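This report concerns only the one structure given below.
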Amino acid sequence: TYVIAQPCVDVKDKACIEECPVDCIYEGRRSLYIHPEECVDCGACEPVCPVEAIFYEDDVPGEWRDYHRANVEFFDDLGSPGGASGLGLIERDHPLIDGQPVRTA
Ligand code: F3S
Ligand code: F3S
C-alpha cells in the first residue's frame, strides 16, 4: 500500500484524490488516509502531491514510519467502505495526527 505522511497534515491539497482510480483516499479532519486494502499500488497519487506526503510503504522516511500504522488504524472501525467519495469528510483523525502541532502557513 501507499501511505500519506506528516506533510499532508493541515495542508490537504487533495490533488491525490483526482488521480486515484479506485477512490481509496479518505479525508479526515487534518489529513487524508489511504486505505491499505483498497489501494492497488498504482502509484498515480505519489507524484502529484505538491508537498511530497505520499510514499510507498517500504519507502516511508524513518521519521514518518508511524504514519504507515496511522493510515492502517484509521480504518479499524470503518472496515472497507469501498469508496471515499461516498463518505466525504470523516470528522476525526488518527491519534498520531491529533498530536501534531497545528501547522500555520
Ligand atoms: Fe495530502 Fe498531498 Fe493528497 S497534501 S491530500 S497527500 S495531494
Ligand atoms: Fe490510489 Fe495511490 Fe493507491 S492512486 S490505488 S492510493 S497508490
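Throughout, read-outs are computed from the coordinates displayed, never taken from laboratory work. What you see is a predicted model, and the numbers here were worked out from it, not measured in a lab. So basically every Cβ, Gly included, is an ideal-geometry build from the backbone, and we count neighbours across all protein chains shown.
3J(HN,Hα) along segment 56-62: 5, 3, 7, 10, 5, x, x Hz, from the Karplus curve 6.51 cos²θ - 1.76 cosθ + 1.60 with θ = phi - 60°, whole Hz, x for Gly and Pro.
Three semi-axes describe the equivalent ellipsoid of segment 1-100; taken as square roots of 5 times the Cα gyration tensor eigenvalues and ordered largest first, they are 17, 16, 13 Å.
Summing -39500 (n - 2.57) over the DSSP H runs of n ≥ 4 in the chain and dividing by its residue number, what mean residue ellipticity at 222 nm do you reach, to the nearest 500 deg cm²/dmol? Numbers along the way, then the final one.
Values: 3 runs with 17 residues, N = 105.
Theoretical 222 nm ellipticity from helices: -3500 deg cm²/dmol.
Among 42, 16, the order by Cβ neighbours within 10 angstrom, fewest to most, reads 42, 16. Taking a ≥ b ≥ c as the square roots of the eigenvalues of the Cα gyration tensor of segment 38-78, is the shape rounded (a/c under 1.5), prolate (a/b larger than b/c) or oblate? Verdict is oblate for segment 38-78. By its C-alpha gyration tensor, with a ≥ b ≥ c as the square roots of the eigenvalues, how is segment 17-65 shaped: rounded for a/c under 1.5, else prolate for a/b larger than b/c, else oblate? Because its axes are fairly even, with a/c under 1.5, segment 17-65 counts as rounded.
For segment 1-32 versus segment 60-80, the inter-centroid distance based on Cα atoms is 12 Å. Taking other C-beta atoms within 10 Å as the exposure proxy, 31, 80 rank 80, 31 from fewest upward.
A protection proxy built from the mean count of other Cβ atoms within 10 Å ranks the segments 89-100, 64-75, most packed first, as 64-75, 89-100.
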